[in-house]
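Structure first, then comments.
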Amino acid sequence: MSNLKGYTGKILEIDLSTKTIKTTPLDENLAELFVGGAGYACASLISKINKDTDPLGPENVIFLMSGPLLGSKGICTGRVVACSKSPLSGIWAESNTGGQIGVQMKRAGYDGILVHGASDQPVYLEILDGKAEIKDASQLWGKGIEETTKILKTPEEFKLGKVMAIGQAGENLVKYSIIGCEERAFGRTGLGAVMGSKKLKAVVIKGSNKIELASPDEFKALVKEVNTAQLAVFTAQMFGALGTSGGINMYTLTGELPVKYYRTSKFEEVDNISGATIAEKYLKKQRYCFACPIGCGRIIELGKNDLEVPEGQFEGPEYETIAGFGAMLGNSNLESIIKANYMCNDLGIDTISSSSVISLIMDLYNNGKTITASDVDGLNMEWGNMENVYQLLNKIANRSGIGDVLADGSDAVGKHFNVDPEQIATIRHIEPPYHDTRSSFGMSMAYGIAPHYGASHCSCDMYQTSLGQAHSEMDIQSIPALENSSEMSKHSARLMEYRAFFSSINMCVFAKPAASNLAKLIELGTGMPYDVERIKITGERVLSLKRLFNLKMGHSPKDEKLPKILVTPIEGVTEGKVPDQELLFSEFYKYEDWDPITGMPSPEKLERLSLTKYANF
Ligand code: SF4
């Protein structure tokens with residue numbers, strides 16, 4: 001049992017090569033320094049993973065880690081993060097999921113689950129209130145996530161449990177495969193393939209322990225106050241009513257929505273695929289992650305249909321998926337996006353990377369006429385041809401035909417078809433989410449510099465901050481979206497540090513508690529003295545540590561560059577303006593005190609952040 005409240009004090013460690021299971025104590029020094037989540041996981045993994053570690057080899061490790069407030073009612077802290085070395089980028093892999101899987105892990109008695117090694121036969125992990133077992137999964141191998149989940153929840157004791165599982169894509173080591181977690185997923189950086197390489201099909205968890213907090217009554221009172229304030233925020237109301245795609249109409253006005261592989265920002269049919277249209281036609285209810293008062297998830301129902309999607313209720317698409325399978329493919333048919341989303345969730349494919357890869361194929365087919373149907377297994381890839389998109393998704397998940405190339409990501413497609421790398425929309429091999437940097441210059445740093453390069457709009461969501469959502473107690477100002485200035489770099493750096501803290505407390509970036517209230521929640525939950533200054537220094541520490549991890553993997557500042565296609569001026573509302581990478585990135589480096597040649601944080605900074613020992617590689 002931990003001396004700190006909120007934590008369970010235990011990490012479950014599984015070695016799939018030797019089939020051994022043990023419980024190790026939570027390292028309280030790391031919890032004090034990094035709070036939990038991605039920061040804690042990185043401090044643990046940096047000594048276990050090396051430059052020559054094959055992300056899909058048994059030596060790679062995957063760490064599921066919670067924050068101390070997971071399991072409490074602390075606003076939007078019902079999340080858990082999965083970390084590893086990414087098979088797509090070769091550097092830091094991190095993906096954060098909501099839903100309910102994290103709370104089951106915590107209630108089962110574990111702050112985290114660390115998986116080493118690889119099994120030679122398919123297995124799954126069964127965890128029930130402090131007891132874990134490795135079980136044969138040969139009957140599950142080859143099945144989609146939906147069926148796998150259903151089967152694992154059949155036994156009475158797991159009916160109310162939760163499942164995380166890979167689909168065919170993870171089994172076939174698709175480099176952007178996901179780990180599905182029922183309502184949500186660990187979607188980015190290819191963690192499904194890491195699980196697949198370990199022949200770990202799924203984890204089913206049921207827990208019933210209570211999480212002990214330091215000052216439960218005061219904590220509860222503050223949660224009530226914070227939630228009430230949250231629900232008065234406009235974006236919370238919009239996300240609740242319309243989901244994350246509630247802003248898509250506005251994004252066409254600001255140029256944030258990329259269209260047809262970043263060639264334009266004009267998409268006149270946007271109303272057909274908006275959050276309002278989903279709400280009007282198909283929304284049945286909101287989906288809330290554990291401890292969330294906002295509920296941006298969409299439970300939809302199409303009724304009888306010939307799309308081969310369920311007649312009953314299921315998870316609807318969110319903004320990134322709608323942008324990816326809609327505007328990026330020149331497709332304004334909402335039902336086809338719902339179907340593509342459903343397929344990706346079941347096959348276990350990241351909707352951002354897959355839609356970007358397919359958009360690239362359509363760009364090559366339609367714009368430059370570089371490829372023809374004969375290059376893509378006879379498929380006609382005209383913009384908006386969704387029947388053939390479904391075929392490609394199946395091919396990707398099963399690595400059949402051209403799907404074997406697409407399964408390795410956009411850069412592999414570019415290489416296969418001999419495309420100029422500057423015309424491939426990736427950063428460090430990862431396809432970015434759909435918040436166009438030309439409409440929000442701060443996002444160039446989110447995609448170009450954040451530790452899981454290109455993968456995350458949540459690592460520095462300047463697209464929200466530049467719209468007026470400052471974080472005043474954190475000294476993060478709302479800088480005008482199209483400003484190339486050292487102020488933009490400074491406030492983006494501060495936001496990235498704040499979000500690094502969020503990645504460790506595992507809080508959803510749509511939650512907007514005042515930083516002082518967040519600190520108070522942590523203090524009342526854990527018993528650790530916490531204030532805004534401690535949030536700031538912990539965020540800075542976590543960001544710097546993830547950077548050290550990447551430098552250890554061989555990453556260098558030269559890798560931090562957006563390709564031309566993402567910064568080519570386009571007509572429209574942004575009037576041809578683009579982020580000045582040289583200025584923004586060099587000012588960011590100065591603010592962070594990183595060496596411009598090596599990328600290394602200065603020795604003084606490492607010392608101040610207690611990170612010196614992590615820099616010896
Ligand atoms: S706002 Fe949405 S993603 Fe965030 S915790 Fe709530 S339901 Fe989950």
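For this structure, a couple of remarks:
- Integer Hz, Karplus 6.51/-1.76/1.60 couplings in order for region 608-617, x for Gly and Pro: 4, 8, 6, 10, 3, 5, 7, 9, 8, 9
- The Cα atoms of region 10-206 give a gyration tensor whose axes a ≥ b ≥ c have a/c under 1.5, which makes the shape rounded.
- Residue among Asn380, Gly247, Thr154 farthest towards the positive dipole end of the chain, charges placed on Cβ: Thr154
- Order of Asp411, Asp593, Asp136 - criterion: other Cβ atoms within 10 Å of each residue's Cβ, fewest first: Asp136, Asp593, Asp411
- Gyration tensor verdict on region 513-617 (Cα atoms; rounded if a/c is under 1.5, prolate if a/b is larger than b/c, oblate otherwise): oblate
- Long pairs among Lys143/Lys198; Lys19/Lys162; Lys150/Lys206; Lys19/Lys153; Lys159/Lys220, criterion Cα-Cα beyond 19 Å: Lys19/Lys162; Lys19/Lys153; Lys159/Lys220
- Rounded, prolate or oblate (a/c below 1.5 giving rounded, otherwise prolate when a/b exceeds b/c) for region 442-615 by Cα gyration tensor: oblate
- Think of each Lys and Arg Cβ as +1 and each Asp and Glu Cβ as -1; about the Cα centre, that makes the dipole of the chain roughly 1220 debye.
- Here Val226, Val259 are placed in order of increasing Cβ neighbour count within 10 Å, fewest first, which gives Val226, Val259.
- All other residues whose Cβ lies under 12 angstrom from that of Lys512 are scored, Lys and Arg at +1 and Asp and Glu at -1, for a net of -2.
- Secondary-structure-derived ellipticity at 222 nm for the chain, considering helices only, amounts to -10500 deg cm²/dmol, per-run term -39500 (n - 2.57) for DSSP H runs with n ≥ 4.
- Using only side-chain charges placed at the Cβ, +1 for Lys and Arg and -1 for Asp and Glu, the dipole size of region 243-418 relative to its Cα centre rounds to 220 debye.
- Mean Cα-pair separation over length for the chain, i.e. relative contact order, pairs under 8 Å, 6 or more apart, %: 16
- Packing-based ranking of 53-65, 122-134 yields 53-65, 122-134, ordered from highest to lowest mean Cβ neighbour count within 10 Å.
- Formal net charge of residues neighbouring Thr20 (Cβ-Cβ distance under 13 Å; K, R +1; D, E -1): -1
- Extreme residue, positive dipole direction of the chain, given options Ile337, Pro557, Ser17 (C-beta unit charges): Ser17
- Relative contact order for region 249-298, counting Cα pairs under 8 Å that sit 6 or more residues apart, in percent: 22
Read-outs: derived from the displayed coordinates by stated rules, not from any lab. Owing to the predicted nature of the structure, the values given are computational and were not obtained by experimental measurement. With ideal geometry, Cβ positions are generated from the backbone for all residues, glycine too; neighbour counts draw on all protein chains shown.
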